[in-house]
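Working notes, structure below.
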Amino acid sequence: MNWRVAATAQARHLFFVQLLLSWGLPRITSQYLVLRDIYFAEEMRLSQSQIMRLYGVSSANVTRLIHGLEGSGYVIRTTNPEDKRSTFVTLTDAGHDFCERLIPAIGRQMTILGDCFSDAELAMFNEFLERLHVHIEGMTGGLDPEGSDLPES
């Protein structure tokens, strides 16, 4: 079973990568996720430190990612007026328009992935995924990076 989950995750990832590349996002998933999260954030902005915490990446990685999105004209960086040490990343009008087209398109493509299932099968599948998600979240608190505390399969 484990190989099937991994193979399916890989196939889904490749599908997603191809879709995002077709929309011109060279850093693929990271750029989409940041745009999506800013789009749904209050005032359509996040601080760079919030982005760092959301994705568990370094400040340098966030800076490179934001730089690429700035180069595409999708975001701008502004200094937080309440804390000059903090920087906000905000969608531009072009970024907002891009998200208005991209996010529904991603949703439609993800829906297409489930076309091979009946409504009842999708409901059951969602229950399984939710259970797996909760299980994984429960396992990730305090795992040994070497994996020595993982159960044998």
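The values are calculated or read from the model by the stated rules, or taken from the named source; none is laboratory data. Since we're looking at a predicted model, the values are computed, not measured. Please note: Cβ atoms are built from the backbone with ideal geometry, for glycine as well, and neighbour counts cover all protein chains shown.
Here are the numbers for this structure:
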{"item": "Any hit, the stretch 36-43, residues being basic (Lys, Arg), surrounded by 14 or more Cβ atoms within 10 Å (Cβ to Cβ) and at pLDDT 90 or above", "result": "yes"}
{"item": "Meets criteria (without any contact (Cβ under 8 Å) to a residue 60 or more places away in the chain, more than 22 Å from Phe15 (Cβ to Cβ), surrounded by 16 or more Cβ atoms within 10 Å (Cβ to Cβ) and out of contact with any Pro (no Cβ under 9 Å at 6 or more places or on another chain)) for Thr92", "result": "yes"}
{"item": "Meets criteria (more than 23 Å from His133 (Cβ to Cβ) and among the acidic types (Asp, Glu)) for Glu82", "result": "yes"}
{"item": "Complete set of residues in the stretch 32-47 that are of a type outside the set (Phe, Trp, Tyr) and part of a helix (DSSP H, G or I)", "result": "Leu33, Val34, Leu35, Arg36, Asp37, Ile38, Glu42, Glu43, Met44"}
{"item": "Matching residues in the stretch 1-31 - criterion: being under 12 Å from the mean Cα position of the chain (by Cα) and part of a loop (DSSP other than H, G, I, E, B)", "result": "Arg27"}
{"item": "Top-ranked residue of the stretch 1-35 - restricted to ones that are among the basic types (Lys, Arg) and surrounded by 11 or more Cβ atoms within 10 Å (Cβ to Cβ), ranked as modelled with the lowest pLDDT", "result": "Arg27"}
{"item": "Check on Glu127, over 22 Å from Arg12 (Cβ atoms) and assigned to a helix (DSSP H, G or I)", "result": "no"}
{"item": "Condition met for Gln50 (surrounded by 15 or more Cβ atoms within 10 Å (Cβ to Cβ) and without any contact (Cβ under 8 Å) to a residue 12 or more places away in the chain)", "result": "yes"}
{"item": "Meets criteria (out of contact with any Pro (no Cβ under 9 Å at 6 or more places or on another chain) and under 25 Å from Leu35 (Cβ atoms)) for Glu130", "result": "no"}
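Listed here are the residues, each with its yes/no results for (1) in a helix (DSSP H, G or I); (2) modelled with pLDDT of 90 or more.
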| position | (1), (2) |
| --- | --- |
| Arg53 | yes, yes |
| Val62 | yes, yes |
| Leu65 | yes, yes |
| Arg77 | no, yes |
| Thr90 | no, yes |
| Ile106 | yes, no |
